[in-house]
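Below is one structure, written out as structure tokens; the observations come after it.
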Amino acid sequence: MAAYCLILDEIGDRFVNDTYWFGCSHETICYIISIKQKTAQHEPTLQQVVLMHMKSGKNMIRKFLLLLLLLVPVLSLAEPLRIFASVVPIQTFVQRIGGEHVDARAMVRPGFNPHTYDPTPQQIAALSGAVLYVRTGVPFEKAWMDRIRSANPSMQVLDAREGISLRQMEAHAHDEHDAEASHNDHDEHDAHAGESDHEQDPHVWTNPLLVTHIVGGIRDKLSKLAPDHRAYFARNHDTFVAELSALNVELHKLLDPLSNRKFMVFHPAWGYFADNYGLTQVSIEHEGKEPGARGLAALIDQAKQEKIKVVFVQPQFDKRQARQVAQAIGGGVVSVDPLAADYVDNLRRVVRQFAEALKP
Ligand SMILES: [Zn+2]
């Protein structure tokens, strides 16, 4: 609960709806606690009880001593740092490290596609209260990063990819000069303007070992922004990193014994994940472009040869082409989400799906 204390001389009894008021008709000083969040408005907190006692006290020195005691906890209830992350998993990481001291938000809201997202005017306005933006290089940022920065020039920007050697998006050799290549609606979108054929893969968070690196950067940045909470951020960081390391061991156990090492996805979000576990991602879509008829036929041939039975899709993308491929290979379509908020549990679920699909 964010609360603050005001001391006023002989004030009246008019207060805004979210303010607690402790009457002062018989006193020279009165005290108000304003409860900014309305959750516990009708139950007096310990501090409020102290205030009510102060009201009846006669000794001014005693009152001021009580007030000092009161201010210590109140001042520590500073507003949490507002932090924007480009996508939901990064928001989760910021929340895990920052805990109660951060108000972490995702720019690309759940269910939306980070390749084509347009921030809302409300989100751009909310940036003015933010101290940090954590970017990942997902394609919407290409069009929006300048506007995000200029919405709040004093806001710091942390790049989650810092210190990570980025992989290239796989090229579709058979598709690059496909005259029939169809384009998604969002290819017209300016988020894709200027993208070269060989983009760096922004989906760094799908590898839990890279996440242990990313959260180190988040801990360091938060510690600079709120040095008083350095130890708290360090504890949260260490707990989360231990969880991620255990997850990595667990995922290796599930994936290492599989003899089939190739999986097919519609959108290539799992490259860093695949690299970490010695798997190969075969992608239908390539940097926002769906394959044309020839590209699709080649992918179907490849899937048959590799005995691929499942095409993985994600909720934020259209599933028509994935279904088309799955039908042609007599397989199925399974949804796995690289953008889920419950990062650790989700990755566990995803890997069970991968392991099931790769079973001989
Ligand atoms: Zn993506």
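The values are calculated or read from the model by the stated rules, or taken from the named source; none is laboratory data. Computed from a predicted structure; not experimentally measured. Virtual Cβ from ideal backbone geometry, glycine too; neighbours counted across all protein chains shown.
Which of the residues spanning the range 113-127 are of a type in the set (S, T, N, Q), more than 16 Å from the ligand (Cβ to nearest atom) and within 15 Å of residue 143 (Cβ to Cβ)? Hits for the range 113-127 are 120, 123. For the subset of the range 141-172 comprising residues that are under 17 Å from residue 102 (Cβ atoms) and more than 15 Å from the ligand (Cβ to nearest atom), which member is surrounded by the most Cβ atoms within 10 Å (Cβ to Cβ)? Restricting to residues being under 17 Å from residue 102 (Cβ atoms) and more than 15 Å from the ligand (Cβ to nearest atom), the top hit is 158. Could you please let me know if residue 305 is farther than 22 Å from residue 350 by Cβ and not aliphatic (A, V, I, L, M)? It is true that residue 305 is farther than 22 Å from residue 350 by Cβ and not aliphatic (A, V, I, L, M).
Restricting 336, 344, 325 to those that are at pLDDT 95 or above, among the β-branched types (Val, Ile, Thr) and out of contact with any Asp or Glu (no Cβ under 8 Å at 6 or more places or on another chain) reduces the list to 336.
What number of residues in the range 254-311 are at pLDDT below 95 and at positive phi? Total meeting the criteria: 3. Among the residues making up the range 173-227, those that are modelled with pLDDT under 50, among the aliphatic types (A, V, I, L, M) and away from the ligand (no atom under 16 Å from the Cβ) are 173, 179, 181, 193.
Residue check: is residue 339 in contact (Cβ under 8 Å) with a residue 24 or more places away in the chain and not in a loop (DSSP other than H, G, I, E, B)? Break it down stepwise before answering.
On the way: in contact (Cβ under 8 Å) with a residue 24 or more places away in the chain: yes; not in a loop (DSSP other than H, G, I, E, B): no.
So residue 339 does not fit the description; no.
How about the range 306-336: which of its residues are part of a loop (DSSP other than H, G, I, E, B), among the charged types (D, E, K, R) and either exposed (fewer than 14 other Cβ atoms within 10 Å of the Cβ) or in contact with a Cys (Cβ under 8 Å, 6 or more places away or on another chain) (or both)?
Of the residues in the range 306-336, the ones part of a loop (DSSP other than H, G, I, E, B) are 306-309, 314-319, 329-331, 336.
This time we only want the ones that are among the charged types (D, E, K, R), so: 306-307, 309, 318-319.
The one that is part of a loop (DSSP other than H, G, I, E, B), among the charged types (D, E, K, R) and either exposed (fewer than 14 other Cβ atoms within 10 Å of the Cβ) or in contact with a Cys (Cβ under 8 Å, 6 or more places away or on another chain) (or both): 307.
For the range 286-303, the criterion of a residue being closer than 30 Å to residue 245 by Cα and within 12 Å of the ligand (Cβ to nearest atom) is satisfied by no position.
With under 16 Å from the mean Cα position of the chain (by Cα), of a type outside the set (Gly, Ala, Ser) and within 16 Å of the ligand (Cβ to nearest atom) as the only criterion, which of 134, 138 stands out? Step through it out loud before you land on a result.
On the way: 134 fails: within 16 Å of the ligand (Cβ to nearest atom).
That would be 138, the only listed residue that is under 16 Å from the mean Cα position of the chain (by Cα), of a type outside the set (Gly, Ala, Ser) and within 16 Å of the ligand (Cβ to nearest atom).
Taking the listed residues 241, 313, 265, the one that is assigned by TED's automatic domain parsing to the domain that holds residue 100 and within 24 Å of the chain's Cα centre (by Cα) is 241, with no other qualifying. In the range 257-280, of all residues being surrounded by 20 or more Cβ atoms within 10 Å (Cβ to Cβ) and part of a strand (DSSP E or B), the one that is nearest to the ligand (Cβ to nearest atom) corresponds to 265.
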